[in-house]
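Taking it in order: structure first as structure tokens, then the write-up.
The values are calculated or read from the model by the stated rules, or taken from the named source; none is laboratory data. Quantities reported herein were computed from a predicted structural model and do not represent experimental measurements. Positions of Cβ are generated from backbone atoms using ideal geometry, with glycine treated the same way; all protein chains shown enter the neighbour counts. Remember, those area values only see protein heavy atoms, side chains included, never the ligands or the DNA or RNA. Shrake-Rupley method; radii C 1.70, N 1.55, O 1.52, S 1.80 Å.
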Amino acid sequence: MRVQKHLIGPVLLVLAASAAAEKGAMPLGQAMKASSGPAFEVRAGEIRTIVQSEDAAGLANLMASFKSDVTIDPPTRERVLYESLRAAALLRPDDRLRQLVEGLTRYRSETLIWTDDHGHREYRPLFDIAVTARYVNRVWSENEAREQAARAIRNQQPNVISQYPTISADQQRGVIEAFRDAPRSELQPYRAALLGALADGMPVHDLAAIVASKTTDSELLSGVLLSGPAELGLQSLRVIEGAQWAGQRLPLLSLAAERPELQSAAMLTIGRLAATDPSATEILFSFLGTPAGSSAAVALAQLAQPDVISRLSLILQRSSHEQTRRHALLGLRMIDSPAARDALSAFARQPSAPAELVSEIPAWLRY
Amino acid sequence: MAPVLTMRGLVLASLLGLPVLGHGNCVFNSFGDIVNANDPGCRDIQLRYTRNDDTGNNIALGYDVPLPVESLTAIDGYRSYQSLHAQHQALDVLSPGVEGIVVGQTVAGRDIWAYRVGDPDSQTADGGTEPAALINGTIHAREWQAPEAVTELFEQLTEISADGGFGRYLYENVNVVILPVLNVDGFLQTQRFPDRSTASELQPRDGRMRRKNLRHSSSGSAVDEDLDQTADNFLGVDLNRNNPDGFGQNGGSSSGTTSIVYRGTRPQSEPEIAALLEAAKLGPESRLRLYTDTHSFSQIFITPITGASRQDRITRSLVGTMQTVLGGKYRYGQSTDFIGLTSEYFANELMIPAWTLEIEPLTPSVYGTDHGHSGFILPNAEVARMRDEVAAMLLAALYAQADKPTLLAARIRDAESGEIRYEASWGEAETGRQLTVSRNQAPMRWRNQAGALADFRQLAAPGMPEIGIQFPQLPADEDISIPAPSTAWKQTNGPDGVLRYRDDALEVIFTVPASFSISTPTPMVIAVDTTDITRSRLDADPSTRVAWNNRASGARRWVQDRRRADTANTGA
């Protein structure tokens with residue numbers, strides 16, 4: 001019974017919220033019409049002028065007047081506030097503008113629209129003022145951190161690395177952007193601090209990846225690939241494909257292939273390099289009997305080279321290792337060429353070929 | 001004529017690089033559709049998604065714009081179509097019980113693949129007719145959550161198929177047909193332009209925000225895939241409005257070829273829908289017990305209400321089970337005025353539980369700015385969790401639809417002598433099952449990775465079964481009620497072990513009354529009351545078997561009658 005009781009609350013709340021939303025909601029066209037017209041155009045013009053002059057105080061005054069302007073209806077007011085907020089994101093805020101935007105993070109939009117494209121009717125604000133205000137706060141936080149970090153980097157302050165794990169996610173984004181903006185010469189001195197921080201288990205991988213990328217530093221990038229967030233590791237694999245990494249690419253990709261989260265992407269990256277680098281092909285074959293073998297097989301298939309087809313065919317026929325054989329079968333299956341089809345066909349005709357391996361081959365040959 | 005709105009006077013600001021709602025001169029009607037698709041001021045607007053840049057025609061999401069990644073295995077983010085397809089093919093080649101079938105071609109001639117997952121026979125482990133389920137993904141191109149979630153289900157089904165318990169049970173007792181990417185052309189178009197779209201921030205259309213297939217309404221062939229060639233960017237058919245039940249009805253679709261919900265020229269006109277119907281045949285159709293069409297976003301199950309009350313009750317119960325798996329995170333909704341959805345087709349025509357599953361987020365503002373239909377772009381960081389959650393809900397549905405839990409066997413062993421005193425089981429018979437006194441089965445409990453009995457996510461683990469033993473010829477106070485500590489679910493094979501799956505057999509230790517005589521035949525009644533993982537109670541009559549073959553004829557008649565009434569009412 002406890003579970004049922006638990007569910008009644010949210011369901012009733014959703015129903016209540018839907019009923020309230022339904023009451024005042026409009027179709028998109030009508031809502032946009034209601035939010036447009038001369039009253040909006042005049043105020044949009046004022047916003048544009050203020051932004052061009054980078055006048056945060058002026059924008060704060062405008063927003064305050066918009067908030068309390070009883071001569072405009074809610075749809076127009078909310079559209080004006082929405083455009084004001086987007087403009088505010090471009091400015092360096094003063095205290096008053098900050099306060100106004102902070103206040104708007106709790107604003108409940110009155111102009112609601114419905115959408116039917118989900119197959120059922122959903123209601124949402126035409127202009128989500130609160131969400132946009134929170135976005136502006138994040139942008140400001142990021143911009144300020146970016147400026148501070150840029151100064152710190154120019155002055156070669158060492159604490160930019162040690163402080164990074166302690167600041168907010170928005171501020172971290174600012175520091176990341178500052179590192180992206182900085183010239184290679186200003187980042188090089190941070191190498192030792194980054195290596196030390198990585199060795200100590202500090203989460204500074206984002207910064208290490210940027211410095212590694214800008215300075216083509218394989219040791220630093222190794223640290224990112226080995227212990228960084230998987231998403232960053234995947235981004236770093238794309239970086240390695242750049243020409244400046246030639247000579248260091250395959251060892252780094254082999255290293256990445258040791259991590260299950262990066263294994264498949266590393267194999268496919270090695271596959272792209274294999275078009276011009278025979279040693280990459282050998283690496284793929286060497287992984288064929290491992291859990292990364294399916295990705296290695298697909299990477300080999302993308303090469304579609306006669307020699308690759310012959311070797312896969314040979315492995316399929318002769319290997320005593322079940323997993324390796326299946327990966328070779330997958331490789332041939334993924335090559336759309338007469339030679340690969342012939343190889344599959346020949347294998348299927350072999351009396352000694354295991355039934356579970358050949359059962360689908362006739363269907364594949366028809367496709 | 002529908003009221004229209006012109007949005008002139010904003011392009012100048014856009015050119016200045018100032019923040020402004022990026023919609024050029026697009027005009028919307030009361031239906032919410034763009035009505036001036038041929039106006040260059042609307043048609044040629046190119047939008048770009050960014051993390052934080054909201055100037056000009058940029059649309060800030062508030063998080064990194066997800067890009068498709070080349071990786072067969074699941075990542076923190078989205079895989080490319082090529083990688084997803086390669087993964088599906090790998091699962092086919094590497095996993096027993098998977099069969100990949102080309103079920104049709106897209107408008108542009110690309111193959112559409114479906115995968116049948118489960119043991120190759122068409123029978124359940126105890127000889128019954130095996131049920132089937134159809135899981136459809138990516139009918140709407142921009143809804144990238146769908147192929148990831150459906151692929152996760154595919155991956156998990158193959159990973160657990162030999163676990164001896166829950167996974168093995170599904171493998172042997174349900175034929176799961178998975179169609180991971182139906183709208184292949186559209187999906188590729190979204191991945192070709194992962195950070196670009198066109199027309200209006202209020203209704204972005206092609207590129208990352210393409211929804212429809214690539215049908216060119218005039219030529220019949222595919223539109224070009226170049227975003228900068230804008231003349232045909234609005235064209236395509238909404239595949240989830242191209243189905244017979246409710247086609248062109250109830251205001252849910254449009255006959256305008258540039259509409260976001262253009263339904264096509266006739267029901268099931270599109271080759272992608274033909275492919276979906278082919279996939280259903282792999283069940284085969286007559287054995288389907290479940291259809292899910294996987295979409296995003298808004299975190300809700302939309303279930304067609306067919307009016308066949310028994311079917312509707314089953315559907316509601318099943319959706320309720322899936323909701324409980326995630327503690328009520330997903331909402332429940334009903335569609336009563338049909339508009340040509342695939343779920344409406346399957347619910348009405350095949351008489352099976354069917355729904356449109358809209359994956360998270362609940363609203364576009366949950367993770368970002370709510371700009372430019374950002375709800376369709378779930379951040380990379382949320383994808384792995386989303387995949388697991390949706391797969392868990394679907395696994396629960398498959399388990400619940402596989403069969404009704406049934407008491408199938410009993411054995412009483414004398415603890416002192418070790419001798420079997422009684423043994424009986426229900427086995428396959430011509431009609432249902434019959435009891436054979438001498439000597440199958442669903443795992444009744446979920447275990448976590450440590451092997452301990454556990455909740456299935458937020459679907460709380462049932463308590464121990466209630467067991468009562470009565471002796472009708474003895475005084476009532478001799479009846480035995482078995483306390484929970486005296487029972488244990490079996491996990492291993494062997495004498496008095498599992499019947500077929502881990503946790504499908506319960507060991508109960510009890511002491512017969514002193515007045516009970518082993519030498520004299522004495523009637524004994526064993527009453528067991530329990531529920532399985534998805535809270536389905538034991539079937540009261542093991543001799544009957546759950547059947548779902550060839551639809552429910554009564555319900556079918558009801559739908560046909562109602563259609564006649566609808567036709568009469570509309571005069572069509």
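Could we say that residue B:60 is buried (at least 24 other Cβ atoms within 10 Å of the Cβ) and farther than 26 Å from residue B:367 by Cα here? Answer is no for this residue. Residues that are buried (at least 21 other Cβ atoms within 10 Å of the Cβ), in contact with a strand residue (DSSP E or B) (Cβ under 7 Å, 6 or more places away or on another chain) and not in a loop (DSSP other than H, G, I, E, B) within the stretch A:117-134 comprise A:122, A:125, listed in sequence order.
The residues listed here are B:148, B:152; of these, the one that is among the charged types (D, E, K, R), surrounded by 24 or more Cβ atoms within 10 Å (Cβ to Cβ) and assigned to a helix (DSSP H, G or I) is B:148. Scanning the stretch A:256-280 for residues that are farther than 23 Å from residue B:80 by Cα and either open to solvent by less than 10 Å² (accessible area, probe 1.4 Å) or not polar (S, T, N, Q) (or both) gives A:277, A:278. The residues listed here are A:140, A:114; of these, the one that is open to solvent by 50 Å² or more (accessible area, probe 1.4 Å) and hydrophobic (A, V, I, L, M, F, W, C) is A:114.
Residues that are open to solvent by 30 Å² or more (accessible area, probe 1.4 Å) and not in a helix (DSSP H, G or I) within the stretch A:28-68 comprise A:53, A:54, A:55, listed in sequence order.
In this structure, is residue B:110 on the phi < 0 side of the Ramachandran plot and touching a Leu at 6+ places or on another chain (Cβ under 6 Å)? For residue B:110, the condition - on the phi < 0 side of the Ramachandran plot and touching a Leu at 6+ places or on another chain (Cβ under 6 Å) - is not met.
Scanning the stretch B:29-53 for residues that are open to solvent by less than 30 Å² (accessible area, probe 1.4 Å) and either at pLDDT 90 or above or touching a Ser or Thr at 6+ places or on another chain (Cβ under 8 Å) (or both) yields B:32, B:33, B:34, B:36, B:37, B:41, B:42, B:45, B:47, B:49, B:50. Determine whether residue A:173 is surrounded by 16 or more Cβ atoms within 10 Å (Cβ to Cβ) and assigned to a helix (DSSP H, G or I). Spelling it out, residue A:173 is indeed surrounded by 16 or more Cβ atoms within 10 Å (Cβ to Cβ) and assigned to a helix (DSSP H, G or I).
Within the stretch B:210-236, the only residue that satisfies the criterion of being over 13 Å from residue B:257 (Cβ atoms), open to solvent by 20 Å² or more (accessible area, probe 1.4 Å) and not in a loop (DSSP other than H, G, I, E, B) is B:222. Residues in the stretch B:317-332 that are more than 8 Å from chain A (Cβ to nearest Cβ) and polar (S, T, N, Q): B:317, B:321. No other residue among A:337, A:294, A:352 is surrounded by 19 or more Cβ atoms within 10 Å (Cβ to Cβ), among the hydroxyl-bearing types (Ser, Thr, Tyr) and in the same structural domain as residue A:261 (by TED's automatic domain parsing) apart from A:294.
Restricting the first member to the stretch A:68-83 and to residues that are more than 14 Å from chain B (Cβ to nearest Cβ), and the second to residues that are open to solvent by less than 10 Å² (accessible area, probe 1.4 Å) and assigned to a helix (DSSP H, G or I), the beta-carbon pairs closer than 7 Å and six or more apart or on different chains are A:77/A:66. On the stretch given as the stretch A:252-265, residues that are outside any helix (DSSP H, G or I) and of a type in the set (A, V, I, L, M, F, W, C) total 1. Summed over the stretch B:333-361, residues that are more than 8 Å from every other protein chain (Cβ to nearest Cβ) and in a loop (DSSP other than H, G, I, E, B) total 10.
Listed here are the helices (runs of 4 or more DSSP H) enclosed by the stretch A:266-364 that have at least 3 residues being modelled with pLDDT of 95 or more and within 23 Å of residue A:238 (Cβ to Cβ): A:278-286, A:293-303. Here residue B:364 meets the list (1) open to solvent by 10 Å² or more (accessible area, probe 1.4 Å); (2) more than 11 Å from every other protein chain (Cβ to nearest Cβ) almost entirely, failing just condition (2).
Scanning the stretch B:373-390 for residues that are more than 17 Å from the chain's Cα centre (by Cα) and more than 11 Å from chain A (Cβ to nearest Cβ), we see that the one that is most open to solvent (accessible area, probe 1.4 Å) is B:382. Scanning the stretch A:202-223 for residues that are assigned to a helix (DSSP H, G or I) and either polar (S, T, N, Q) or in contact with a strand residue (DSSP E or B) (Cβ under 6 Å, 6 or more places away or on another chain) (or both) returns A:213, A:215, A:218, A:222.
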